[in-house]
Amino acid sequence: MKEKLVVHTCCAVCMSYPRTILEDYDTVFYFYNPNIYPISEYERRRDEFVNYAKELGIKTYIDESDNDKKNWYYDIKGFENEPEKGTRCNICFKHRMRKAFEYASSINAGYVATVMTVSPHKNSKVIEIIGNSLSDEYKKIKYLHFDFKKKEGFKKTNIIANEVGLYRQNYCGCEFSIR
């Protein structure tokens with residue numbers, strides 16, 4: 001029997017390669033991204049993810065609970081002017097990954113990972129520290145760290161995304177990263 005793994009997913013592009021190396025797990029790709037701005041961009045990324053996952057026949061969960069955008073803004077308050085890769089981003093990673101841990105707990109999954117590490121714009125070490133701290137908090141759930149950009153993972157992601165024609169955004173997601 002395969003172990004249950006919840007993989008926080010930010011978009012179809014970032015999920016395209018990592019999904020190919022997670023076949024040893026009973027994986028659910030968990031889409032939770034209240035940071036994405038504006039709503040039209042959020043909907044486009046969500047819908048692209050849903051359609052691509054459906055084509056592949058993979059399990060997904062779209063979490064749009066309680067219009068959590070308010071909680072996300074509360075968490076990053078005071079850090080709006082931080083540069084990309086700064087404290088605001090780290091808070092955002094933790095906010096979204098925490099929800100993946102909560103979801104994993106609700107379905108008795110033993111593991112959580114995130115596809116965010118496929119991006120060369122994300123600090124994999126910081127994400128690993130956040131994941132491990134959440135593992136300490138959610139005692140029964142282990143963070144599985146994959147630096148998906150390694151071994152040409154980012155290149156493979158781009159190849160897959162281009163081959164299947166996935167929508168690629170030109171900023172991370174929040175209104176502060178558009179700058």
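Where only protein heavy atoms count, and the probe is 1.4 Å, what is the accessible area per residue for the stretch 41-112 in Å²?
Solvent-accessible surface per residue comes out at 56 Å².
When the gyration tensor of the stretch 1-89 is built from Cα positions, what are the square roots of 5 times its three eigenvalues, in whole Å, from largest to smallest?
The three semi-axes for the stretch 1-89 are 27, 15, 13 Å.
For the chain, modelled as a GNM with alpha-carbon contacts under 10 angstrom, which of Y37, Y25, Y61 fluctuates the most?
Looking only at Y37, Y25, Y61, the biggest GNM fluctuation is shown by Y25.
Which length gain, in nm to one decimal place, applies between N162 and H121 when the Cα-Cα distance is subtracted from 0.36 nm times their residue separation?
Length gained, N162 through H121: 12.8 nm.
Rounded to the nearest 0.05, what FRET efficiency is calculated for R44 and S65 with R0 set to 25 Å and r the Cβ-Cβ distance?
The computed FRET efficiency comes out at 0.80.
Ratio of the stretch 77-164's C-alpha Rg to 2.2 N^0.38 Å, to two decimals?
The value comes to 1.18.
Report in % the part of the accessible area of the chain that belongs to carbon and sulfur, leaving out ligands and nucleic acids; probe 1.4 Å.
The C+S portion of the solvent-accessible surface of the chain is 50 percent.
Let me know the Kirkwood hydrodynamic radius for the chain, please, with Cα pairs as the basis and the value in Å to one decimal.
Result for the chain stands at 16.3 Å.
Give the distance, in whole Å, between the Cα centre of the stretch 63-85 and the Cα centre of the stretch 129-179.
Result: 18 Å between the Cα centres.
The values are calculated or read from the model by the stated rules, or taken from the named source; none is laboratory data. All figures in this text were calculated on a predicted structure; none of them were measured in a lab. Every residue, glycine as well, gets a Cβ built from its backbone with ideal geometry; the counts of neighbours run over all protein chains shown. With ligands, DNA and RNA removed, areas are computed over all heavy atoms of the protein, side chains included. Shrake-Rupley method; radii C 1.70, N 1.55, O 1.52, S 1.80 Å.
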